[in-house]
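Enquirer: Input: one structure, supplied below.
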Amino acid sequence: MALHTLAHPAATTEERTAFTALMAPPETPVSDAPLYEPHAAGGLLLGLLISPPVPKEPKDR
Amino acid sequence: MTTDPHATTNHRATTDFHATTDSHATAAHHTTTHHAHRLATAALDWLHTHRHLGAFPPGATEIGDPDRVYKPLGETALAASLVLREGVAGPASLARARELLDFTWSEFRAGDLLYERQLRHWLLTDPLETYAHFARAGLRHDRLHALLEHSAAVGSATEVLPNRALAVANARRTTGIGAAPDWTALTRATWLGGTPEPWAIDWTTGYSLTHTVFHLTDWGARPHDLPPDLADYLTAWLPVWIDVWTEVAQWDLVGELLIVGACLPEPHLDPAEWQVLASVQHDDGLVPRDGDPVSDDPATRFADHQHPAVVAVIAGTLALSRLLTG
Amino acid sequence: MTTGGRVAETSLAGAADVLAGQVVDALRGRERPGLVAHVDACGDRTLVLGAVRLVGSDLFAPHLLTGHLLDPGDVEVVSDSFACFPVVRAPASHEQHVTAWRDWATATALLRLADPGEADPGPPGDADTVLGDPVEWQTWSVHVAQLAPLALPGLGGPVVDAVFGQPLALARGVTRSLLRRDHATSVRLARWTALLHHDRIDQPLDPHLLAEHLRLYAGTSARTALDLAITRRLLEAA
């Protein structure tokens, strides 16, 4: 493919940096993996043996 | 709150134990052995040192909230029974395990408390499930045993989560009570038994799948009882789940997933995964349940982190056992 | 990053989204202005040429997937975009390797369409350099996601071959990204699972369920819509 050198603007350094960053988008830095969430029927779980320890309050993180 | 993934999980160092070359495998083997041994030994020490924080209040005649003292005592007994069953710990650890078993048994008044609970609430299964840990270590309560045999004969299977039904089946197998159940039907009723898409899982389901494996394999004693398709499924996805919940510092769940790895027919024991859990263990042996700050109050520390300590003892013990004996 | 850098990145990403939306329209058979008209209509030529480079080979997804014919003017627009944002000749950083591969995909797609007789440009390196070791599937799969514009039918090449050889690492990567709720990465990886399906390569998860899940949960940005539209086309064409 012939690369033209026509009268088009050359990108600024900032634009080039931004371009390179967008070309290789990183994964999200912070995971939003599923954590403890009380179920509607939570009361029925009473007496579970070796069950997950239920945090004192739902965590919102 | 989350932790920086690369600071804590050492992704770059993750290698599949079985995919490495012989010399690497030997090094990985040694590393995992080291972490598993340290994790289990120190967590067992911690449980032993602080065991009285998990006792019933003096003079208590009722168990009160079953999640508060009763359930954790049963869990500690489970961990102790597995240390004794596997016999891979050193003499000091074996002695502590024996003492923990005796301590919890005496808290249950040599089984009378379980017997009375069963007598009062005859369809509950938790007395059986708790009793099984002691039966595994050779203890017996004749009158409770008779109640349990009667319940099994009546066959009133109260409605519980499918992995709990497996817990009952395994407890009966351990105690030698009742006829053999339909393991296949019980297994296929669980989340794991359906081998769903591996991303269709949440935190609670993560615990469900670990328990399906624990009960099917009787805590790693019968790895080949795991159906081959489930073993393949777990081999494929366990590394992902461990990675994902490691990144968000869910140490208790990560520990349970490491136990699953030790229960597979071809165990999954990745040194990098073990290294991460070992690295969060405190000097006194405490294993934090998650990434939240750990309280300074001894009673709160014990209440919050007793479960991950039990998990760490079981994980380390079973891993060590598989590494030593295959 | 400086404020100016942030503005540049936001503007470029926005321009690329607008262009991606037009490719989605084309894939869905809707009228669209065409690349040349779009570039001419845009006030900031640098910005729009940057967008052309970013969307890259995906500009030709409608051609490769649904038989659109190439407009000769498109070749010139792409050439201009390569001049405006210079080509990486000796990639050093990971980002530069990714850029080189994505540019290679754009050039290859264009050549296939413009002059099927001509040989492909040589690949800009080996697959391992840009992807890393598949044993480290966490990192490897993020790199595979960055190279989603290579997941087009008939493009081929060393990266495609490498991904085709690692269905488990790919499946683990997309499972991980889904559980981390990193939908942008998931959508890019789902595209690869669709390409594997298209090329009848066995994989340990269901690409149809994955695509449908992401359609419902991954949001509605134009970039996401484009990856999912390509995914769907690949699955339908299988």
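The values are calculated or read from the model by the stated rules, or taken from the named source; none is laboratory data. All values reported here derive from a predicted model rather than from experimental measurement. Because the Cβ atoms are built from the backbone with ideal geometry, glycine has one as well, and the counts that use them run over all protein chains shown. Surface accessibility is based on the protein's heavy atoms, side chains included, excluding ligands, DNA and RNA. Shrake-Rupley method; radii C 1.70, N 1.55, O 1.52, S 1.80 Å.
Enquirer: Just the number, please: buried accessible area between A and B, total of both chains, 1.4 angstrom probe, nearest 100 square angstrom. The partial results should precede the final answer.
Expert: Values: alone 6530 and 14470 Å², together 18530 Å².
Chain pair A/B: roughly 2500 Å² of buried accessible area.
Enquirer: Right, something else. Take the Cα pairs of chain B, get the Kirkwood Rh, then feed it into Stokes-Einstein at 20 °C and 1.002 mPa s and tell me D in µm²/s. List each step's numbers first, then the result.
Expert: Details: Rh = 20.1 Å.
Reported coefficient: 106 µm²/s.
Enquirer: Still on this model: What is the magnitude of the charge dipole of chain B about its Cα centre, with +1 placed on the Cβ of each Lys and Arg, -1 on the Cβ of each Asp and Glu, and no other charges, expressed in debye to the nearest 20? The partial results should precede the final answer.
Expert: Details: 22 positive and 40 negative charges, 209 e Å.
Once rounded to the nearest 20, the dipole reads 1000 debye.
Enquirer: Along the positive direction of the dipole of chain C (beta-carbon charges: Lys, Arg +1; Asp, Glu -1; about the Cα centre), which of C:Trp137, C:Ala169, C:Tyr217 reaches farthest?
Expert: Towards the positive end, the residue furthest out is C:Tyr217.
Enquirer: For the peptides B:289-296, C:113-120, B:250-257, what is the packing order when you average, over each peptide's residues, the other Cβ atoms within 10 Å and list the highest mean first?
Expert: Descending mean neighbour count gives B:250-257, B:289-296, C:113-120.
Enquirer: What is the distance in Å between the Cα centroid of the range C:164-212 and that of the range B:89-168?
Expert: Value for the Cα centre distance between the two parts: 45 Å.
Enquirer: Ignoring ligands, DNA and RNA, what percent of the 1.4 Å accessible area of the range B:167-326 is carbon and sulfur?
Expert: C and S fraction of accessible area: 53 percent.
Enquirer: Mind checking the full-extension length gain between B:His121 and B:Glu266? Use 0.36 nm per residue of separation minus the Cα-Cα distance, one decimal, nm.
Expert: Taking B:His121 through B:Glu266 to full extension adds about 48.1 nm, to one decimal.
Enquirer: A further question on this structure: Give, rounded to the nearest 20 debye, the magnitude of the charge dipole that the range B:25-118 has about its Cα centre when Lys and Arg contribute +1 at Cβ and Asp and Glu contribute -1 at Cβ.
Expert: Working: 9 positive and 11 negative charges, 59 e Å.
Charge dipole, the range B:25-118, about its Cα centre: 280 debye, nearest 20.
Enquirer: Follow-up question, since we're still on this one. Taking a probe of 1.4 Å, how large is the accessible area per residue of the range B:16-104, in Å²?
Expert: Working: 4090 Å² over 89 residues.
Accessible area per residue, the range B:16-104: 46 Å².
Enquirer: Take peptide B:195-202, look around each residue's Cβ out to 10 angstrom, count Cβ atoms belonging to other protein chains, and average those counts. It would help to have the intermediate numbers written out before the result.
Expert: On the way: counts 0, 2, 9, 9, 12, 5, 4, 6.
Mean shielding count: 6.
Enquirer: Related question: Ignoring any ligand, DNA or RNA, what whole percent of the accessible area of the range B:79-137 comes from carbon and sulfur when the probe is 1.4 angstrom?
Expert: Numbers: 1240 of 2230 Å².
Carbon plus sulfur share of accessible area: 56 percent.
Enquirer: Return the FRET efficiency for the residue pair C:Arg45, B:Ala200: r is the Cβ-Cβ distance, R0 is 35 Å, and the value is rounded to the nearest 0.05. The partial results should precede the final answer.
Expert: Numbers: r = 46 Å, r/R0 = 1.33.
That pair, C:Arg45 with B:Ala200, gives E of 0.15.
Enquirer: With Kirkwood's inverse mean 1/r over C-alpha pairs for Rh, give me the Rg to Rh ratio of chain C, two decimals please.
Expert: Values: Rg = 16.9 Å, Rh = 18.0 Å.
Radius of gyration over Kirkwood radius for chain C works out to 0.94.
Enquirer: Taking Cα centroids, how far is the range C:26-87 from the range B:191-259 in Å?
Expert: So the two Cα centres are separated by 47 Å.
Enquirer: Something else: Out of B:Leu128, B:Leu100, B:Leu238, any idea which swings most in a Gaussian network model of chain B, alpha carbons joined below 10 Å?
Expert: Maximum among the listed residues: B:Leu238.
Enquirer: Can you give me the % of accessible surface on the range C:34-136 that is carbon or sulfur? Probe 1.4 Å, all protein chains present, nothing else counted.
Expert: It is 53 percent, rounded to a whole number.
Enquirer: Are there GluC sites (Glu not before Pro) in the range B:53-143 that DSSP marks as loop and that have at most 16 other Cβ atoms within 10 Å, and which are they?
Expert: The qualifying sites are B:Glu62.
Enquirer: For labels at C:Thr220 and C:Arg6 in the simple 7 Å Cα→Cβ model, what's the distance in nm?
Expert: Here the modelled spin labels are 2.8 nm apart.
Enquirer: Would you jot down the residues in the range C:92-112 that end up with at least 30 Å² less accessible area in the complete protein assembly than in the chain alone, with a 1.4 Å probe?
Expert: At a threshold of 30 Å² (probe 1.4 Å), the residues of the range C:92-112 that become less exposed are C:Glu95, C:Thr99, C:Arg102.
Enquirer: Going by the alpha-carbon gyration tensor, a ≥ b ≥ c the square roots of its eigenvalues, is the range C:1-50 rounded (a/c under 1.5) or, if a/c is not under 1.5, prolate (a/b greater than b/c) versus oblate?
Expert: Working: a/c = 4.54, a/b = 1.96, b/c = 2.32.
Verdict is oblate for the range C:1-50.
Enquirer: Am I reading the B/C interface right? What is its buried accessible area, both sides, 1.4 Å probe, to the nearest 100 Å²?
Expert: Numbers: alone 14470 and 11250 Å², together 23990 Å².
Between B and C, the summed buried area is about 1700 Å².
Enquirer: Still on this model: Sorted by accessible area with a 1.4 angstrom probe, largest first, how do A:Arg16, C:Arg45 fall?
Expert: Values: A:Arg16 100, C:Arg45 80 Å².
Heavy-atom accessible area, descending, gives A:Arg16, C:Arg45.
Enquirer: Additional query: If you count only protein heavy atoms with a 1.4 Å probe, what accessible area per residue comes out for the range C:1-133, rounded to a whole Å²? Working shown, then result.
Expert: Details: 5560 Å² over 133 residues.
Result: 42 Å² of accessible area for each residue.
Enquirer: Okay, next question. Between rounded, prolate and oblate, where does the protein assembly as shown land on the alpha carbon gyration tensor, with a ≥ b ≥ c its root eigenvalues, rounded for a/c under 1.5, else prolate if a/b exceeds b/c?
Expert: On the way: a/c = 2.64, a/b = 2.43, b/c = 1.08.
In terms of gyration-tensor shape, prolate.
Enquirer: Looking at B:Leu94, B:Gln118, B:Tyr70, which one has the Cα that reaches farthest to the positive end of the dipole of the range B:62-120 (charges on Cβ: Lys, Arg +1; Asp, Glu -1)?
Expert: B:Leu94
Enquirer: Taking a ≥ b ≥ c as the square roots of the Cα gyration tensor eigenvalues, with a/c under 1.5 meaning rounded and otherwise prolate when a/b beats b/c, else oblate, which class fits the range B:175-326?
Expert: Working: a/c = 1.69, a/b = 1.58, b/c = 1.07.
Prolate.
Enquirer: A further question follows. Shielding of B:236-248 by partners, i.e. mean partner chain Cβ atoms within 10 Å per residue? Don't skip to the answer; put the middle values down first.
Expert: Details: counts 6, 7, 0, 6, 11, 4, 0, 9, 10, 5, 2, 7, 9.
The shielding value for this peptide is 6.
Enquirer: If ligands, DNA and RNA are left out, what is the accessible area of A:Tyr36 with a 1.4 Å probe, given in Å² to the nearest 10?
Expert: Looks like 40 Å² after rounding.
Enquirer: Further question: Counting protein heavy atoms only and a 1.4 angstrom probe, how many square angstrom of accessible surface do chains A and C bury in total, to the nearest 100?
Expert: Details: alone 6530 and 11250 Å², together 14670 Å².
About 3100 Å² of accessible surface is lost on pairing.
Enquirer: Assuming R0 = 41 Å, what is the FRET efficiency of C:Leu69 and B:His224, from their Cβ-Cβ distance, to the nearest 0.05? Let's see the in-between values first.
Expert: Values: r = 60 Å, r/R0 = 1.47.
Computed FRET efficiency for C:Leu69 and B:His224: 0.10.
Enquirer: Right, another one. Any idea of the accessible area per residue across the range B:169-326, 1.4 Å probe, to the nearest Å²?
Expert: Details: 4570 Å² over 158 residues.
Per-residue accessible area for the range B:169-326 comes out at 29 Å².
Enquirer: Now for a separate question. Towards the positive end of the charge dipole of chain B, with charges on Cβ (+1 Lys, Arg; -1 Asp, Glu), say which of B:Ala278, B:Thr174, B:Leu264 has the farthest Cα.
Expert: Final value for the positive-end residue is B:Thr174.
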